[in-house]
Amino acid sequence: MARAARRFAPLPGLFTFTVDVEPHGADRAGGETRRLLALLAEAGAHGTFFVLDEVARTDPGLVKDIARAGHEVASHGHAHRHLAEEGPARFRAGMVVARDRLGQLTGAAPVGFRAPYFSLTPAAAWAPEVLAELGFAYSSSVLPAWNPLAGWPGAPRQPFRWPCGLLELPVPVARFGPWHLPFLGGMYLRWLPPWRLRSLVRRWAADQRGAEGALWSYCHPYDLDEAAALERRADASRLASLMLWLNRGPTLPRLSGLLAGRRSESFAARLPGLAAGAPVFAPPVAPGLGTAAAPAE
Ligand SMILES: [Zn+2]
């Protein structure tokens, strides 16, 4: 644990611990999410939980417990699908349902959104406007680099505003050879060997050039579920299913190491600071992209 904490030493003292609350297997999101709530309570930390509508519908008590513990409840969308597959009309209709359900459960409409798979890509450039129109203040949905699953190469790596005014909090990435990896979350946090993780941490910190940096981590309930049986996921290949299942042991110690000696506050609490000076990013409009008629990629 002390060793895990030292690995993160170059990172700033303030960050946001985020969780994408989505089901895996039968009824397992609840148990693992409660372990994360306990971890945060022990550290005296607060985070942001992006809850998928299916979880809010089937386990409303969990959403209430997250809010009661002082964390921010935000939306992970209605369907766990890439935004480009959803399309603007279906996305909008689903987000109305998801937003209203969370609002009823917590007493306040959510202001934050995270796209499934960080799928706010050039093929879904219509999404920020829909979110702003529905009253969302920020999105945390862009992986600002090339990535085999979803990414937006060329998007800013620091908080920025879409032309519609919505604030975007892109995933912190650090350079690794020709790639930029979201090193503080999910599979990356689980699979990176300690020495590689340490070097990515150092690189990210150096890239901030003295600024505090908009640091955040992310994880899923399944990232720490070591008891779950291996199953072929509907949204992943056989190999990816295996990768997502294996090596879940390091998640909790690494997240504890990140929390040690560091303060985590929800995005909602940090918004004024994160938004200060955020530049506007107006994506170049490519023919066939960014419209309702955009072909699925
Ligand atoms: Zn997700």
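Here the condition is being away from the ligand (no atom under 16 Å from the Cβ), surrounded by 19 or more Cβ atoms within 10 Å (Cβ to Cβ), in a loop (DSSP other than H, G, I, E, B) and in contact (Cβ under 8 Å) with a residue 12 or more places away in the chain; of W146, W152, it holds for W152 alone. Among the numbered conditions (1) more than 20 Å from the chain's Cα centre (by Cα); (2) closer than 27 Å to P253 by Cβ; (3) part of a helix (DSSP H, G or I), the only one that G30 does not meet is (1).
Looking across segment 11-35, the residues that are more than 26 Å from V97 (Cα to Cα) and in contact with a helix residue (DSSP H, G or I) (Cβ under 8 Å, 6 or more places away or on another chain) come down to L11, P12, L14, F15, T16, R35.
For segment 36-51, the candidate set comprises residues that are touching a residue at least 24 places away in the same chain (Cβ under 8 Å), assigned to a helix (DSSP H, G or I) and more than 16 Å from the ligand (Cβ to nearest atom); within that set, the residue that is surrounded by the most Cβ atoms within 10 Å (Cβ to Cβ) is L40.
Every number in this text was worked out from the coordinates using simple rules, so none of it is lab data. Keep in mind that this is a model prediction, so the values were computed, not measured. Positions of Cβ are generated from backbone atoms using ideal geometry, with glycine treated the same way; all protein chains shown enter the neighbour counts.
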